[in-house]
Amino acid sequence: MPNRVVARNGGRLGVAALVAILLLGLGLRVGEAWNGREPVYDAAAYAAIARNLDEGNGFTVGAKATQPSTDYSPGLPLFVAGLYEVTGGVHERLARVILALIGALAIPFAYFLARRLALALTGAADDACLRYEDKRRQWAVVAGLVAALVVAIYPATIEYTGMLMTEPLAATLLAGAILAILWAGDGDSLWRWVVPGLTLGALALVRPEYLAIGLLLALLILLRERLHIPWRRALLAAAIVALGIVVVIAPWTVRNAFALHRFVAISTGGGQVLYAGTYLPSDGNPEQVGAAVVAEHPELFGPHALENLRLEQILARLGEQAHPGLEPDEALSEMGKEQLGEDITEHTGEYLGFLAAKVGRIWSHGPRDVMRQPVWEALHWVLLGLGLLGLGLLAYLRRWEALLIAAVFLSITVISALLVASPRRVLILIPLLAACAGAAVAWLATAARRSRPQSML
């Protein structure tokens, strides 16, 4: 068995390359986690919530919070607080290192996914042109190594391991969930579907927007499996995935019902991001929303509002003024829906341009200033181009893998276009994008081989 595994992964050379890439990515992440980095605002909030949970103060950022603590997703602080409980105190450096280890799992996940996608693409080629099956497998290994290397060195992901942020953890969970879905579909046991269900549930606790995406994937599983197995078995597979998601998030939803006296599946804050995401004067840049709102409503704010107030405080004041009897987030939700309707009906052309600007903002570059450096910006564009090529080829071949990945990509694009357009959303997709890019590399290589004169083969 070990020899067979080694052979499937490019022999000793291929395994050695994969181990080297994994050690590189692991070393970069652990080093960043050990040294730490000045936390962004959200990272500081997650750290404060985890500390307060460990100290028995509940799920709260603290008295100086500028927005409700329930606006923050619970998965990361709950996990970190659990680590504090196990280790007997607040040890943030240790928590960052453990999260770095988990984040590094995205490297082998990208490798295995890219290898599978490459086999799907090159398998569509004429075997007479490829000549030998081992050539196809070799290029699949190359695809996996390319994907693994990209994930290992992608700078923005590494920088976020220097603080308590959700993106590295969510990227691992998402890649793991997609692999788990494919693995479950390859077997006969219905119990396999428990794994992707629980993984998608954990992902939703870390990034709440993935609750809807997880349920969408469960629906796709139902539709796909029904084509290959009896509908009752297909329904059971999809139901197990959906139930797994619900089992993970249900305790927190029940907690919210008692703490907030209303139904909140995971977190609040939806009203704020809906209003900010439909505010046309911002030109699609969420960082400009605060200044534009203050300029439009000078009667609500003092001359130094932008210096003294954060965006969430500005929007909360606006919501309280418009709907005094509602919670700020509920008020902003009503205002956001009204604003969205006006955008579509009264400013259609401007709104379409607004959406295009937001989509361009999330996909054109990675988060963090490091991604503006020419070499990393070039890497991002090459990755994006090859990734879309690989996904397009898989879709052309009507591969099940393409449907899963495209559903995630499209969902995140739509969510970003409708709500706040942050490149951080795309950071979670990097392992999937890298896998598609690696598969495209394998396809291009085999296509070039097929295009050579027959006498050269």
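Of the residues VAL241, VAL146, which is touching a Gly at 6+ places or on another chain (Cβ under 6 Å), over 30 Å from ILE49 (Cβ atoms) and at pLDDT 95 or above? Show your work before the answer.
Working: VAL241 fails: over 30 Å from ILE49 (Cβ atoms).
Exactly one of VAL241, VAL146 is touching a Gly at 6+ places or on another chain (Cβ under 6 Å), over 30 Å from ILE49 (Cβ atoms) and at pLDDT 95 or above, namely VAL146.
Suppose the filter is more than 24 Å from the chain's Cα centre (by Cα), modelled with pLDDT of 85 or more, closer than 27 Å to GLY353 by Cα and surrounded by fewer than 20 Cβ atoms within 10 Å (Cβ to Cβ); does ALA331 pass it?
On the way: more than 24 Å from the chain's Cα centre (by Cα): yes; modelled with pLDDT of 85 or more: yes; closer than 27 Å to GLY353 by Cα: yes; surrounded by fewer than 20 Cβ atoms within 10 Å (Cβ to Cβ): no.
Here the answer is no, as ALA331 does not meet what is asked.
Do any residues in region 25-42 that are modelled with pLDDT of 95 or more have Cβ atoms under 8 Å from those of residues that are surrounded by fewer than 17 Cβ atoms within 10 Å (Cβ to Cβ) and hydrophobic (A, V, I, L, M, F, W, C), where the two are at least six apart or on different chains, and which pairs are they?
Between residues of region 25-42 that are modelled with pLDDT of 95 or more and residues that are surrounded by fewer than 17 Cβ atoms within 10 Å (Cβ to Cβ) and hydrophobic (A, V, I, L, M, F, W, C), the close pairs are GLY25/ILE153; LEU26/LEU101; LEU28/ILE153; ARG29/LEU101; VAL30/LEU101.
Is it true that some residue in region 354-373 is acidic (Asp, Glu), surrounded by fewer than 17 Cβ atoms within 10 Å (Cβ to Cβ) and over 25 Å from the mean Cα position of the chain (by Cα)?
Quick first cut of region 354-373, residues acidic (Asp, Glu) only: 369.
Subsequent filtering for residues that are surrounded by fewer than 17 Cβ atoms within 10 Å (Cβ to Cβ) retains 369.
Okay, now just the ones that are also over 25 Å from the mean Cα position of the chain (by Cα), so none.
No - not one qualifying residue is present in region 354-373.
Can you name every one of the helices (runs of 4 or more DSSP H) wholly within region 209-299 that holds 1 or more residues which are of a type in the set (Phe, Trp, Tyr) and out of contact with any Ser or Thr (no Cβ under 6 Å at 6 or more places or on another chain)? Step through it out loud before you land on a result.
Details: elements: 210-226, 231-260, 270-277, 289-296.
Fully inside region 209-299 and qualifying: 210-226, 231-260, 270-277.
Can you pull out every residue in region 48-67 that is without any contact (Cβ under 8 Å) to a residue 40 or more places away in the chain and either polar (S, T, N, Q) or surrounded by fewer than 18 Cβ atoms within 10 Å (Cβ to Cβ) (or both)?
Result: ASN52, GLU55, GLY56, ASN57, GLY58, THR60, GLY62, ALA63, LYS64, ALA65.
Quick check, is ARG450 at pLDDT below 95, more than 30 Å from ARG224 (Cα to Cα) and part of a helix (DSSP H, G or I)? Let's see the steps before the verdict.
Values: at pLDDT below 95: yes; more than 30 Å from ARG224 (Cα to Cα): yes; part of a helix (DSSP H, G or I): yes.
So ARG450 fits the description; yes.
Output the helices (runs of 4 or more DSSP H) that fall wholly within region 369-441 and possess 1 or more residues being touching an Asp or Glu at 6+ places or on another chain (Cβ under 9 Å) and over 21 Å from LYS358 (Cβ atoms), or say none.
Details: elements: 374-396, 400-418, 424-427.
Those helices (runs of 4 or more DSSP H) span 374-396.
Please go through region 168-222 and give me each residue that is among the β-branched types (Val, Ile, Thr) and surrounded by 19 or more Cβ atoms within 10 Å (Cβ to Cβ), ordered by number. Working first, answer last.
Step one: list which residues in region 168-222 are among the β-branched types (Val, Ile, Thr), which gives 172, 178, 181, 194-195, 199, 206, 213, 221.
Correct list: THR172, ILE178, ILE181, VAL195, THR199, VAL206, ILE213, ILE221.
Farther than 23 Å from LYS64 by Cβ and either under 22 Å from the mean Cα position of the chain (by Cα) or surrounded by 21 or more Cβ atoms within 10 Å (Cβ to Cβ) (or both): which single residue out of ALA250, ALA322, ALA257, ALA316 fits that description? Break it down stepwise before answering.
On the way: ALA322 fails: either under 22 Å from the mean Cα position of the chain (by Cα) or surrounded by 21 or more Cβ atoms within 10 Å (Cβ to Cβ) (or both); ALA257 fails: either under 22 Å from the mean Cα position of the chain (by Cα) or surrounded by 21 or more Cβ atoms within 10 Å (Cβ to Cβ) (or both); ALA316 fails: farther than 23 Å from LYS64 by Cβ.
Exactly one residue qualifies, and that residue is ALA250.
All but one of (1) without any contact (Cβ under 8 Å) to a residue 40 or more places away in the chain; (2) in a helix (DSSP H, G or I) hold for LEU315; which doesn't?
Here LEU315 clears every test but (1).
Could you please let me know if ALA45 is without any contact (Cβ under 8 Å) to a residue 40 or more places away in the chain, more than 23 Å from ILE178 (Cβ to Cβ) and under 22 Å from the mean Cα position of the chain (by Cα)? Break it down stepwise before answering.
On the way: without any contact (Cβ under 8 Å) to a residue 40 or more places away in the chain: yes; more than 23 Å from ILE178 (Cβ to Cβ): yes; under 22 Å from the mean Cα position of the chain (by Cα): yes.
Judged against the criteria, ALA45 is a match.
Quick check: is even one residue across region 186-201 small (Gly, Ala, Ser), more than 22 Å from the chain's Cα centre (by Cα) and either over 24 Å from CYS436 (Cα atoms) or not in a helix (DSSP H, G or I) (or both)?
Of region 186-201, the ones small (Gly, Ala, Ser) are 187, 189, 197, 201.
Next, only the ones that are more than 22 Å from the chain's Cα centre (by Cα) stay: 187, 189.
Restricting the remaining residues to those that are either over 24 Å from CYS436 (Cα atoms) or not in a helix (DSSP H, G or I) (or both) gives 187, 189.
Yes - at least one qualifying residue is present in region 186-201.
Could you tell me which of the residues LEU403, LEU397, LEU352, LEU379 is under 16 Å from ALA147 (Cβ atoms) and not small (Gly, Ala, Ser)?
Numbers: LEU403 fails: under 16 Å from ALA147 (Cβ atoms); LEU397 fails: under 16 Å from ALA147 (Cβ atoms); LEU352 fails: under 16 Å from ALA147 (Cβ atoms).
Checking each option against the conditions leaves just LEU379.
Just to verify a result, which residue in region 73-94, among those that are in contact (Cβ under 8 Å) with a residue 12 or more places away in the chain and more than 17 Å from LEU173 (Cβ to Cβ), is surrounded by the fewest Cβ atoms within 10 Å (Cβ to Cβ)?
GLY89
For LEU306, which of the numbered conditions (1) over 23 Å from ALA202 (Cβ atoms); (2) at pLDDT 85 or above; (3) surrounded by fewer than 19 Cβ atoms within 10 Å (Cβ to Cβ) fails to hold?
(2)
The values are calculated or read from the model by the stated rules, or taken from the named source; none is laboratory data. This structure is a prediction, so every number in the text was calculated from the model and none was measured. Neighbour counts are summed over all protein chains in view; Cβ atoms, including those assigned to glycine, are modelled from backbone coordinates with ideal geometry.
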